[in-house]
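Read through the structure below, which is laid out as structure tokens, and then see the notes.
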């Protein structure tokens with residue numbers, strides 16, 4: 001089963017990379033860009049056909065290792 | 001004589017500096033591989049700087065699950081000194097032994113220079129030999145050195161005198177509530193000799209060694 005995990009900094013946490021990209025876009029004349037936030041996408045290939053169980057397990061992986069709950073939020077997409 | 005473990009993760013690179021520094025100040029310091037699960041006989045541990053497990057995913061994220069972290073959690077709970085320097089600080093945050101997290105420096109630059117600091121709390125294993133308000137100078141050598149703590153409750157031990165990397169409230173070192181777990185971003189082990197730029201790391205490491213000599217039985 002293909003599983004996609006999206007990880008993003010929580011909105012109140014600084015994202016120096018995103019801010020730098022936003023400034024760079026403004027330098028190129030893209031003044032309509034108000035802000036940029038970076039994140040990370042992980043593509044997992046997970047065995048098993050019980051979607052609820054796969055989701056539970058992957059969410060557990062996020063809590064434990066893939067995301068840092070102190071500063072990040074995550075979203076799990078199946079398929 | 002106190003025995004201090006210096007933990008070696010795959011990718012650590014400051015372990016020999018830390019070992020040398022502790023030994024030159026009179027402690028017994030031994031390298032401990034990250035797969036070790038028995039830390040009996042050690043009075044404290046230092047997690048040195050470097051790039052544990054390649055810093056993959058996030059700094060410290062994978063190191064947190066190294067087998068050695070289980071007895072280190074126990075040592076921390078027992079009140080024994082656990083100090084993380086630079087990458088070691090990042091690992092202690094990921095392991096939730098310290099609050100908050102370290103993210104990329106505000107200006108996205110790798111900062112490699114001496115920084116001026118002020119000790120603001122001396123009730124910890126790393127700062128017990130200093131006094132509040134003391135100014136010290138240590139080398140900083142990090143990219144992910146910006147400390148952030150959404151809870152806003154971190155106990156700051158040492159502050160940057162100027163804003164060098166965007167750290168919340170200028171935090172350069174923080175401690176847990178008991179003061180036996182401390183994370184510091186600059187490197188005291190690289191500041192033992194005036195002739196090399198600063199001898200201000202001595203007072204911190206001497207405090208740590210003294211703390212390991214009076215650990216709970």
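All of the numbers you see were taken from the coordinates with simple rules; none came from a lab. If you're wondering where the values come from, they're calculated on a predicted model, not measured in any experiment. All Cβ positions, glycine included, derive from the backbone under ideal geometry; neighbour counts span all protein chains shown.
With the Cα gyration tensor of chain B giving a ≥ b ≥ c as the square roots of its eigenvalues, does the rule (a/c under 1.5 for rounded; else a/b larger than b/c for prolate; else oblate) give rounded, prolate or oblate? Rounded. Hull volume per residue, based on the alpha-carbon atoms of segment B:1-65 and their convex hull, is 67 Å³.
Quickly rank B:163-173, A:8-18, A:67-77 as a protection proxy: mean count of other C-beta atoms within 10 Å, highest first.
Most protected by this proxy first, the peptides run B:163-173, A:67-77, A:8-18.
Once the convex hull of the C-alpha atoms of segment B:2-116 is built, how many Å³ does it hold per residue, rounded to a whole number? Walk me through the intermediate numbers first.
Numbers: hull volume 13.5 nm³, N = 115.
It is 118 Å³ per residue.
Put a dot 7 Å past the Cα of residue B:20, heading toward its Cβ, do the same for residue A:51, and the two dots end up 5.9 nm apart.
With the cut-off at 18 Å, report for segment B:50-160 the share of all Cα pairs above it, as a whole percent. Intermediate results must be reported in sequence, preceding the final value.
On the way: 3340 of 6105 pairs.
Value for segment B:50-160: 55 percent of Cα pairs lie more than 18 Å apart.
Annotation: the protein assembly as shown has a Kirkwood hydrodynamic radius of 20.0 angstrom, from the mean reciprocal C-alpha pair distance. Working from the Cα coordinates of segment B:178-217, the gyration tensor eigenvalues give, after taking √(5λ), semi-axes of 23, 12, 5 Å in decreasing order.
When Rg and Dmax are taken over the Cα atoms of segment B:107-186, they come to 12.0, 34 Å.
Computed over chain A, relative contact order equals 51 percent, with contacts defined as Cα pairs under 8 Å that lie 6+ residues apart. Compactness of chain A is given as radius of gyration and Dmax, 15.9, 49 Å, from Cα positions.
Rounded, prolate or oblate: pick one for segment B:51-103, where a ≥ b ≥ c are the square roots of the eigenvalues of its C-alpha gyration tensor, a/c under 1.5 means rounded, and failing that, prolate if a/b is larger than b/c, else oblate. Here segment B:51-103 falls in the prolate category.
Restricting to the protein assembly as shown, what percent of DSSP beta bridges are antiparallel, rounded to 5?
On the way: 37 of 53 bridges.
Percent antiparallel among DSSP bridges in the protein assembly as shown is about 70.
Peptide packing for B:195-202, B:61-68 was compared via the average number of neighbouring C-beta atoms within 10 Å per residue; ordered from the highest value, the list is B:61-68, B:195-202.
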